[in-house]
Each structure stands twice: as C-alpha cells, then as structure tokens.
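Asks: Sending over a structure as structure tokens; questions will come in a sec.
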Amino acid sequence: MADYLYKHRIMTNLTDCIGFNEPQEASDKSDFETNHKSNCYEIDDLETMATVFVIDKTYSEFKALIDGNTITWNDVKVEIGLNFYDLYLLTDGPL
Amino acid sequence: MGDISDKTQDVNIWNDDYTKKVEVVTDGNAVNRLCVDAVDSGVGSPTSTVQFGNAFFLTSGSPITLAANSNFDIMIVTGTTKEVHLKDVSVNVLKNSASGNTQYNLYEGISVSANGAAATAYNSNRRKEGIVLPDFAAYVGPTITNLGTQLIGYLTHNDWETYVAPSYTNSWEIILKTNTKYLLRLFNNTNQANIFTYLYWLFQDTI
C-alpha cells in the first residue's frame, strides 16, 4: 500500500532569495514557531521510498490538514535547514 | 638565421613575447610568404582565449533560492566592437518540489523598461581583471516589457548539473548579435521554492 507525504517549506531567511512574498513567509514562520514548532517531531532528513506519493501544499493548505483529532501537530515532522523549515505529514491514505 | 627567400634553409622566427601569431606558407613557386598578425581576438583554443583575457563568467556568489512559479533573470546587452560568444551555460537545481519542473530559457531581442542591478562579469584570467573589459553589460532582474524571440527552452536536471552548452566536450556555442539584449532565465515552474546555481561563460572576439 502506498503512503502519502504532504509537505511544505517555510523560508526562514530570504538572503539570496528571489521572488518570495516576504511578509507572507515571515507571517508563516512566526505562526509556526509560536504555535506549532514545539509540538512537531524534529528530524535531520527524510528519505522517501518508491511507493510514496509526495504532495506539495501551501502553508494554509498544510495547516488545514491538521484537524486536531485524527491528525495533530505531533504527527508533523520538521526538518530545520539553514534557511527553511520543511514540514512533513506522512499518512497511509490520501487526505 | 636563414634567408627566407631560400627554400633550402630553415627559417627561424622570433615570436616576441608570444604576442604574435606566425604563419609560414610555402606555395611551391619558390616563394615563401611570411605572414605575421597580431593576436587580437579570442579565436583559438579555449586556453589562449582565457589567457588573453577574452573569457568571462557570470555566476552568483552563493546558491539562489527561487520562489514557486518565479523567474531569475539575467540580461546581457552586447556591444558593438566585439563578437560575444555564449560559450557555456550550466545550471544546477536542488529540487524540493514534488511537482512541476525547472527550466533554463534563452531569449533574444528583449525589451525592458529598467535594466535592473548591474551584475559583474568576472574575467576568467584573473590577472586581466579590469584590464581586458567585456564588450557586454550584464544585469540582474530587468523589468521586461517584451520577451522577443525564445531561442532555448530547456528542462534542467535536478540534483545534477545541466549543461545547455557543454563547451568542454564539443564546439557548441552561440555567437550573439551585436547591440542586442538577451535574457538568460531560470524558471522555477513548481509550487515550492527550489535552490538554483548557475554559471554562464562567455568569450569575446574581434568582429
């Protein structure tokens, strides 16, 4: 059975970055750090197998997947890069 | 030294400081013709082009993170006194997005309402920096009003370098028109941010 990996990248530093909505990125970063980051499971890296469907989401779309009942922020994995947070949500069925 | 009019004797040629190219042609009519021309161009081996300061490169100081569905544009405006060769284009993308693609595009004859920020074209012979100047200007982030003619639309590899013009393996190159604006565009055609690096290598030559 295939797994589904929902993901979003929040930029934390926009040096050498082109084309971003800077206020939006700052707002997403602030919201994530204030409300959700401490509940996430921090990982160093994530490798996907061939049977994983990867789906990109915006931050608002990603947050909408976390219903607080069947899926909580404790289920979210975060990879902290030099200038980004990568958020991952792995499920065994499509959301 | 032998007499140049005597076919039976070798002729020694003094090549002063290697700044001259020398060609001796024997046409079989008992006449030896000696041609000495100044080396004034980038024509020749890549090494000699670099040595004479006629090779330049454009790159970013560090990798660029490009937002979803965004472009990173460099405009090259060619001059009128040299023939500018786009000799090599390499682009590498660390692709983060699950969907979409990343591209390198080249446009000719674009129009702009603002040039953007001046970009430095570094001389490949670092000893010639500021001595041999490029006969083109480069700018980052021009405000484009017309894209002109698209010459190249190319999907980049991801996590692997894309050579649009692999000059080290063949003679692929584009000789640019004089006094023309070109656009070298990286296009992040995905819905997530991706990291790009680029290296553009240009030669110049006397027209």
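The values are calculated or read from the model by the stated rules, or taken from the named source; none is laboratory data. Keep in mind that what you see is a predicted model, and the values were worked out from it rather than measured. A quick note on method: Cβ atoms are made from the backbone with ideal geometry, for glycine too, and the neighbour counts reach across all protein chains shown. Ligands, DNA and RNA are excluded from the accessible area calculation, which covers all protein heavy atoms including side chains. Shrake-Rupley method; radii C 1.70, N 1.55, O 1.52, S 1.80 Å.
Asks: Any of A:63/B:95; A:37/B:95; B:95/B:128; A:57/B:181 with alpha carbons more than 32 Å apart? Name them for me. Please report the intermediate quantities before stating the final value.
Replies: Numbers: A:63/B:95 23 Å; A:37/B:95 24 Å; B:95/B:128 37 Å; A:57/B:181 37 Å.
As for pairs spanning more than 32 Å Cα to Cα, those are B:95/B:128; A:57/B:181.
Asks: To the nearest 20 debye, what charge dipole does chain A have about its Cα centre, counting +1 at the Cβ of each Lys and Arg and -1 at the Cβ of each Asp and Glu? Kindly include the intermediate steps, with their values, before the conclusion.
Replies: Details: 7 positive and 18 negative charges, 40 e Å.
For chain A, the charge dipole is close to 200 debye.
Asks: If you roll a 1.4 angstrom probe over the protein chains with everything in place, what fraction of the accessible area of segment A:3-91 belongs to carbon and sulfur, to the nearest %?
Replies: On the way: 2350 of 5020 Å².
Carbon and sulfur atoms account for 47 percent of the accessible area of segment A:3-91.
Asks: What accessible area, summed over both chains, is buried at the B-A interface (1.4 Å probe, Å², nearest 100)? Display every interim value, and only then the final one.
Replies: Values: alone 11400 and 6110 Å², together 16360 Å².
Counting both chains, the buried surface is close to 1100 Å².
Asks: Which of A:26, A:64, A:50 moves the most in a Gaussian network model of chain A with Cα springs under 10 Å?
Replies: Evaluated over chain A, the most mobile residue of the options is A:50.
Asks: Using Cα pairs closer than 8 Å and at least 6 residues apart in sequence, work out the relative contact order for segment A:3-91, in percent. Mind dumping the intermediate values first?
Replies: Details: 121 pairs, mean separation 45.0, N = 89.
Once divided by the residue count of segment A:3-91, the mean separation gives 51 percent.
Asks: Now for a separate question. Give the relative contact order (percent, whole number) for segment B:56-207; include only Cα pairs under 8 Å separated by 6+ residues.
Replies: 52 percent
Asks: Go through segment A:4-21 and flag every residue whose accessible area shrinks by 50 Å² or more with all protein chains in place compared to the isolated chain (probe 1.4 Å).
Replies: Listed by number, the residues meeting the 50 Å² cut-off are A:9, A:16, A:18.
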